[in-house]
Amino acid sequence: MTEFAPVPDFALGPDIPESGYVVQDLGGGAHFVTQGMINTMFVETKNGVVLLDASPFLGDKLLEAIE
């Protein structure tokens, strides 16, 4: 049987709260959104928000995270 080393803590990602997602400010108006396995990001501009790599699996949580 093949044995694997345990996954290091830093690779587990953030704890996901009851809201179902975590938003991290990356600076410069950029934000990272994750629900664990699904990730996307958005950038705030003077003309609005640019959404990058949006996932349908975040559903209504994505608009909530941007707010």
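The values are calculated or read from the model by the stated rules, or taken from the named source; none is laboratory data. Model, not experiment: these values are computed from the prediction. Neighbour counts are summed over all protein chains in view; Cβ atoms, including those assigned to glycine, are modelled from backbone coordinates with ideal geometry. For accessibility, only protein heavy atoms count, side chains too; no ligands or nucleic acids. Shrake-Rupley method; radii C 1.70, N 1.55, O 1.52, S 1.80 Å.
Of all residue pairs spaced 6 or more apart or on separate chains, those with beta-carbon atoms under 6 Å, a first member in segment 32-60 that is touching a residue at least 24 places away in the same chain (Cβ under 8 Å) and a second member that is open to solvent by 70 Å² or more (accessible area, probe 1.4 Å) and assigned to a strand (DSSP E or B) are PHE42/VAL49; PHE42/LEU51. The residue that is modelled with the lowest pLDDT, among those in segment 10-20 that are aliphatic (A, V, I, L, M) and open to solvent by less than 90 Å² (accessible area, probe 1.4 Å), is ALA11. Candidates in segment 36-47 are the residues that are of a type outside the set (Val, Ile, Thr) and assigned to a strand (DSSP E or B); of these, the one that is farthest from the chain's Cα centre (by Cα) is GLU44.
Restricting VAL23, VAL7, VAL33 to residues that are exposed (fewer than 10 other Cβ atoms within 10 Å of the Cβ) and either outside any strand (DSSP E or B) or touching a helix residue (DSSP H, G or I) at 6+ places or on another chain (Cβ under 6 Å) (or both) narrows the list to VAL7.
State whether one or more residues within segment 48-67 are open to solvent by less than 60 Å² (accessible area, probe 1.4 Å) and part of a strand (DSSP E or B). Within segment 48-67, one or more residues are open to solvent by less than 60 Å² (accessible area, probe 1.4 Å) and part of a strand (DSSP E or B).
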